[in-house]
Amino acid sequence: MELTVYNQEGKATGKKIKISDEVFGIAPNEHVVYLDVKQYLANQRQGTHKAKERAEVARSTRKLKKQKGTGGARAGSMKSPLFKGGGRIFGPRPRDYHFKLNKKVKALARQSVLASRIQSGDIAVLEGVSFEAPKTKAYLAMLKAFQLENTKTLLITSENDQNAVLSGRNLPKVNVSNASDLNTYDLVNASKLLITTAALEKIEKQFVK
C-alpha cells in the first residue's frame, strides 16, 4: 500500500511512502476500540463524588410526632430521606473507575483505528512539519492549506515537537501528539489525521511482529 506525501503547504511532493499491508491493511476490530476508549475515559474520572446519607446529615433525631393517630405516615427523624434536607438514598460514594486492559488489546485497538483511517482516506502524510517559533497563525495556515481549519485534527509527529504543541494549543479543534504517546481515544476523536513520514514509520515498527 502506498500513500501520497504532502509538504506543510498542502501540496503533493511527488513522493510516495510504502506502508505494510500486514499492519495497516487489517480488518478493524471495533470491539477492542470500544474497550480501549472506555478504559481511557474511565481513567479520567476522579471518582471523588459523595453525597451525605442518613447517618451523615446533621439534623435532629427527635421524634417529630406521635407514632399513631395522626392519619399520616410514621416519622422518626428529620434525617429521613423523605424530608427536605434529609439524607440521600443510595447516594454516590468515592470509588475508583480504573480497570485493566491487556497491552495486546490496546495495541490492536490503535492498529484498528489507524487501519480504518487509512482505508477511509482520513489521513494526510506530511514530509515533515517545522515551526520556527510557537505561532498559532503558522499552524492555522497549515490547516487552511489542507482545508481542515474547521475540522477536528490530530497532528502526529515522530518526536515531541514543543513548537507544534504550543502553536496548536489555542485552536479548539486541534490536538498534537507524538508517535510514542499515541492513544486510541485521540485517534477516534479526530476527524482527520496529519502524520509525518517519520512518525508513520515509527508507528509501523511498533506493530511489526
What residues qualify as long-range amide H neighbours of Lys15, i.e. H under 5 Å apart, gap of 5 or more or another chain, H built at 1.01 Å from N?
-> Val5
Classify segment 85-191 as rounded, prolate or oblate, taking a ≥ b ≥ c as the square roots of the eigenvalues of its Cα gyration tensor: rounded when a/c is under 1.5, otherwise prolate if a/b is larger than b/c and oblate if not.
-> prolate
Rounded if a/c is under 1.5, else prolate if a/b beats b/c, else oblate: with a ≥ b ≥ c from the C-alpha gyration tensor eigenvalues square-rooted, which is segment 48-96?
-> prolate
Cα gyration tensor, segment 1-67 - rounded (a/c under 1.5), prolate or oblate | prolate
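Which is the longest stretch in the chain that no exposed loop site breaks, taking sites as chymotrypsin sites (Phe, Trp or Tyr not before Pro) with a DSSP loop state and at most 14 other Cβ atoms within 10 Å?
Within the chain, the longest run free of exposed chymotrypsin sites (Phe, Trp or Tyr not before Pro) spans 100-209.
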Identify, among Gln111, Leu41, Pro172, the residue whose Cα sits farthest towards the positive end of the charge dipole of the chain, taking +1 on the Cβ of Lys and Arg and -1 on the Cβ of Asp and Glu, with the dipole about the Cα centre.
-> Leu41
Build a GNM of the chain with springs between Cα atoms under 10 Å: which of Gly69, Gly25, Gly168 gets the top mean-square fluctuation?
-> Gly69
Please sort 198-205, 44-51, 109-116 by packing, taking for each peptide the average over its residues of neighbouring beta carbons within 10 angstrom, highest first.
-> 109-116, 198-205, 44-51
Options Thr70, Ser80, Ala51, ranked by Cα towards positive dipole end of segment 48-96, top entry (Cβ charges) | Thr70
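Here, each number is a calculation from the coordinates, and none is a lab measurement. What you see is a predicted model; the values in this text were computed from it and never measured. Here the Cβ is made from the backbone with ideal geometry for all residues, glycine too, and neighbour counts use every protein chain on show.
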